[in-house]
Amino acid sequence: MPDTWNVLKQLPAIMRDPLTYLGDMAVAYGDNVSFNLPDEKARFINHPDLIQYVLQTNNRNYNKRTPQFDTFKIVAGNGLLNSDGDTWLQRRRVAQPAFHRKRLMALTDAMVDEAVKLRQRWQTGSRYRDFVDIEQEMLQLTLPILARTLFDLDVSGQVAELVHTIEHALDYVMFRARAPIPTIDRWPLPVNRRFRQAMQTIDTMAYELIAERRRAGVDRGDVLSLFLEARDADTGEPMPDEAIRDEVVTLIIAGYETAATGLTWLWYLLSQHPHIASKLYEELDGVLNCRLPTAADLENLPYLRGVVHESWRIYPPSWVVSRAAIGPDEIGGKPVAPGTLIIISPYVMHRNPAFWPDPERFDPLRFVGDAENGRHRFAYVPFGGGPRLCIGNHFAEMETMLIVATLAQQ
């Protein structure tokens, strides 16, 4: 167990680079480490058995009432990402049909179409002759995909303003979470006033969008239509507007910057490993022969799938997952007190050499063919695991594979 005083002394360094600190902790103290934070007990676990226990086996004893999710709740409300208990169960049951693979197939044309538009800009735009700011390009790509798949809208001023206002609000709550003064949100500061205005804008725009769609009464094949049509399997009740608002904001948070960042890391990894890029191009040429990909093609592109999942192993969409213990328990034979903060880092778990030989090596073959057979399910957790597995994981895989298949052919 790390010395409490030592942890306190290192808090500034921990805040600057928590991933390095957690990785060093795993090396120094093992896969089941207790330590004290200024106002709570904490446990860092880095073994698939322990992660499975918390996220699946005894998940009912571990909720999301942690600083990580409290921060997102300020903006996203009680969406699937943040809610617990009966609220989460009801919303998951209603929202699940919107993310079935067959329903997602209807969204793939928008993904490919927007990737083609980006490809054409790259081919004809003079500003792309020397270099491409790939992060900005991926942000500009995932925004219209989000607008079309979520709202069946082009990137109008309304949608773009909603997305960017949510991003600004998230920046604020992250600033607030790191602020040394817990009550800073109550001070009469311009930043607090701007945040309140941003939240008013988010609510106004989201509810207007929902109201317009309810009045139209037309199924447009997008995710918002699926939410509006969804009914609770037990009661037959539709999702209330507040719940739809929370899910829309949650999906924007998950589907915009997170998706763009994942794609940025994937292109970076390919740029650093030209032999892997060449093998990917060879597979794409053999299967697609220069035509645009469809959802039906994805099952015939195993190496592409390996590239995507290996990039998520090295740079997972969520670098940390947290839970809070509800009642007393034991994890790996060590007692856990109620209220203990449980910390799981996919970033660190995916570098555990006991489960990932040569973990820093980028090797898509880890996810091709029989390579996954025998691997612990919870050794790879880019989207969490257990009942709270991210509902959008299939959407993310499909979107990423289609974008890469479209752009990498050039």
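Here are the numbers for the structure shown:
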| item | result |
| --- | --- |
| Among (1) at pLDDT below 85; (2) surrounded by fewer than 16 Cβ atoms within 10 Å (Cβ to Cβ); (3) within 25 Å of residue 395 (Cα to Cα); (4) not hydrophobic (A, V, I, L, M, F, W, C), the one test that residue 238 misses | (2) |
| Identity of the residue in the range 363-385, under 23 Å from residue 66 (Cβ atoms) and part of a loop (DSSP other than H, G, I, E, B), that ends up nearest to the chain's Cα centre (by Cα) | 383 |
| Test: residue 382 is touching a helix residue (DSSP H, G or I) at 6+ places or on another chain (Cβ under 6 Å), more than 25 Å from residue 34 (Cβ to Cβ) and not polar (S, T, N, Q) | yes |
| Among the candidates 371, 405, 379, residue that is surrounded by 18 or more Cβ atoms within 10 Å (Cβ to Cβ), under 18 Å from residue 301 (Cα atoms) and of a type outside the set (Val, Ile, Thr) | 405 |
| Residue list for the range 53-76, filter: outside any helix (DSSP H, G or I) and in contact with a Ser or Thr (Cβ under 8 Å, 6 or more places away or on another chain) | 64, 66 |
| Qualifying residue in the range 59-72 (condition: surrounded by 18 or more Cβ atoms within 10 Å (Cβ to Cβ) and free of Cβ contacts under 8 Å to residues at least 40 places away in the same chain) | no |
| Residue match in the range 299-316 (condition: buried (at least 18 other Cβ atoms within 10 Å of the Cβ) and in contact with a strand residue (DSSP E or B) (Cβ under 6 Å, 6 or more places away or on another chain)) | yes |
| Hey, residue 339 in a loop (DSSP other than H, G, I, E, B) and either among the aromatic types (Phe, Trp, Tyr) or in contact with a helix residue (DSSP H, G or I) (Cβ under 8 Å, 6 or more places away or on another chain) (or both) or not | no |
| Subset of the range 335-375 (residues that are within 23 Å of residue 33 (Cα to Cα) and among the aliphatic types (A, V, I, L, M)) | 336, 337, 341, 342, 343, 344, 348, 349, 354 |
| The range 172-193 - residue that is charged (D, E, K, R) and surrounded by 13 or more Cβ atoms within 10 Å (Cβ to Cβ) and, of those, modelled with the highest pLDDT | 176 |
| Answer residue from the range 209-232, given it is more than 23 Å from the chain's Cα centre (by Cα) and within 17 Å of residue 76 (Cα to Cα) and is modelled with the highest pLDDT among those | 210 |
| Qualifying residues in the range 105-150 (those that are crowded, with 19+ Cβ neighbours inside 10 Å and among the polar types (S, T, N, Q)) - the one nearest to residue 299 (Cα to Cα) | 108 |
| Answer residue from the range 350-362, given it is surrounded by 18 or more Cβ atoms within 10 Å (Cβ to Cβ) and free of Cβ contacts under 8 Å to residues at least 60 places away in the same chain and is farthest from the chain's Cα centre (by Cα) among those | 356 |
| Test result for residue 99, among the aromatic types (Phe, Trp, Tyr) and under 20 Å from residue 391 (Cβ atoms) | yes |
| For residue 159: the one exception among (1) among the hydrophobic types (A, V, I, L, M, F, W, C); (2) closer than 21 Å to residue 298 by Cβ; (3) surrounded by 15 or more Cβ atoms within 10 Å (Cβ to Cβ) | (2) |
| Close pairs (6 angstrom Cβ cut-off, 6 or more residues apart or separate chains): under 18 Å from residue 250 (Cβ atoms) and of a type in the set (A, V, I, L, M, F, W, C) in the range 153-169, loosely packed, with under 13 Cβ neighbours inside 10 Å and at pLDDT 85 or above anywhere | none |
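Residues are listed down the side, and each one gets a yes or a no for (1) surrounded by 15 or more Cβ atoms within 10 Å (Cβ to Cβ); (2) within 25 Å of residue 388 (Cβ to Cβ); (3) at pLDDT 90 or above:
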{"residue": "6", "(1), (2), (3)": "no, no, no"}
{"residue": "16", "(1), (2), (3)": "no, no, no"}
{"residue": "27", "(1), (2), (3)": "no, no, yes"}
{"residue": "35", "(1), (2), (3)": "yes, yes, no"}
{"residue": "47", "(1), (2), (3)": "yes, yes, yes"}
{"residue": "56", "(1), (2), (3)": "yes, yes, yes"}
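The values are calculated or read from the model by the stated rules, or taken from the named source; none is laboratory data. What you see is a predicted model, and the numbers here were worked out from it, not measured in a lab. Reconstructed Cβ throughout: ideal geometry from the backbone, glycine too, with neighbour counts over all protein chains shown.
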